[in-house]
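Visitor: Quick one: the structure is below, and I'll ask about it shortly.
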Amino acid sequence: MTDGPRQNERLLSMEERTYDVALFSGDKGMWTIFEIVKRPVAQAPSEGAAKRIIKALMSEGKKP
């Protein structure tokens, strides 16, 4: 079993969208709406391997 990431089309096509709102001071009373997108980017054989992949993605400036 490899310790690197694996990908497949079914996994990459999954997506979950949710929305949230926040009011920030200094925005003249305007509410900001956030779209939160959760989508799988890889699979790993263990939690430790998954955490290493996330760390590598974050160090490259990508958000998992």
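The values are calculated or read from the model by the stated rules, or taken from the named source; none is laboratory data. Source: prediction; values computed, not measured. For neighbour counting, all protein chains shown are included, and Cβ atoms are generated from backbone atoms with ideal geometry for every residue, glycine included. Protein only, heavy atoms only, side chains kept; ligands, DNA and RNA dropped before computing areas. Shrake-Rupley method; radii C 1.70, N 1.55, O 1.52, S 1.80 Å.
Visitor: Just the residues that are open to solvent by less than 40 Å² (accessible area, probe 1.4 Å) and assigned to a helix (DSSP H, G or I), please, taken from the range 44-56. Working first, answer last.
Guide: Initially, the range 44-56 is screened for residues open to solvent by less than 40 Å² (accessible area, probe 1.4 Å), giving 44, 48-50, 53.
Correct list: GLY48, ALA49, ALA50, ILE53.
Visitor: Filter the range 14-43 for residues that are assigned to a loop (DSSP other than H, G, I, E, B) and exposed (fewer than 11 other Cβ atoms within 10 Å of the Cβ) and give the result.
Guide: Listed by number, the residues that qualify are MET14, GLU15, PHE24, SER25, GLY26, ASP27, LYS28, GLY29, MET30.
Visitor: Can you run down the residue pairs with Cβ atoms below 6 Å, 6 or more apart or on separate chains, where the first is in the range 12-28 and within 30 Å of GLN43 (Cα to Cα) and the partner is modelled with pLDDT of 85 or more and among the basic types (Lys, Arg)?
Guide: Sorted first by the residue in the range 12-28, then by its partner, the pairs are GLU15/ARG39; GLU16/LYS38.
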